[in-house]
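Below: one structure, written as structure tokens.
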Amino acid sequence: MWAAEEGADLEALLAHPPRSCSYVVTPASVGDGEAAVRASLAGLPVHLSPAAVWPDGVLERLAEHFLYAADLEVPIEPFATAAQTIARGRGPDLWVLLREELGRDFFVDVEGRVSLSERWARQGFFFGTVHDDLDTFEASDLWQRLAAWRPHVFAEVTACATCAHFPTCGGFWLADGSDESACRGWQAAFQLLADAWRTHRDDLTDAPS
Ligand code: SF4
């Protein structure tokens, strides 16, 4: 997988695309989203990095592009899988899509400390080190906190408990203690996906049989 960091040469990538290549964009590299749009139209699957806050409007722009670009033939993730989850009423949420499944996904930093992912490690949360066993990981504050997240959402009636996008998201963006503004862009993008599905479903329902 090829990650497009700030200043990465999209032109060179499109001229000589490596095999099994995805265009990974971050809030720092996405700009107004135009490079990601061009990459996807050139046939490169686009992956949005697991970051909560993006420049204003860019998640909505990419969601609309994913939904309505007639000549788009590759996925823009996590929108492509999230759209399937919305349409089926079940499926993987962002914890699965963005590789933060407790007990399945691990991240090891350069000091050998083990966390769930880079975002948790960046905030100083670790299960232990590479020398610890699974029992030690499971006893860590981070493991306990992650395991208790879903029950906590509903027991404490947090913002996620009343969010229409919880089945798609799983409270992914607020689990690290971020305030409610952290996921507004994602909520707007998920709403576009949900509205598109509703319109599509109603069209099918209304179609003469
Ligand atoms: S409030 Fe935010 S983090 Fe919580 S479920 Fe909704 S979109 Fe996800």
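Numbers below:
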read-out	value
Only listed residue being touching a helix residue (DSSP H, G or I) at 6+ places or on another chain (Cβ under 7 Å), more than 10 Å from the ligand (Cβ to nearest atom) and either touching a residue at least 12 places away in the same chain (Cβ under 8 Å) or among the aliphatic types (A, V, I, L, M) (or both), chosen from Ala189, Ala194	Ala194
Pairs, first over 13 Å from Gln187 (Cβ atoms) in the stretch 44-58, second of a type in the set (Ser, Thr, Tyr) and part of a loop (DSSP other than H, G, I, E, B), C-beta under 8 Å, six or more apart	Leu44/Ser22; Pro45/Ser22; Val46/Ser22; His47/Ser22; Ser49/Thr26; Pro50/Ser117; Ala51/Thr26
Index of the failed condition, Ser115 passing every other in (1) within 17 Å of the chain's Cα centre (by Cα); (2) of a type in the set (Ser, Thr, Tyr); (3) modelled with pLDDT of 95 or more	(1)
Asp109 being of a type in the set (D, E, K, R), touching a helix residue (DSSP H, G or I) at 6+ places or on another chain (Cβ under 7 Å) and away from the ligand (no atom under 16 Å from the Cβ)	yes
Residue within the stretch 145-153 that is within 13 Å of the ligand (Cβ to nearest atom) and more than 18 Å from the chain's Cα centre (by Cα) present	yes
Filter result for Thr168 (within 16 Å of the ligand (Cβ to nearest atom), modelled with pLDDT under 95 and not hydrophobic (A, V, I, L, M, F, W, C))	yes
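The values are calculated or read from the model by the stated rules, or taken from the named source; none is laboratory data. Because the structure is predicted, anything quoted here is derived from the model rather than measured. Every residue, glycine as well, gets a Cβ built from its backbone with ideal geometry; the counts of neighbours run over all protein chains shown.
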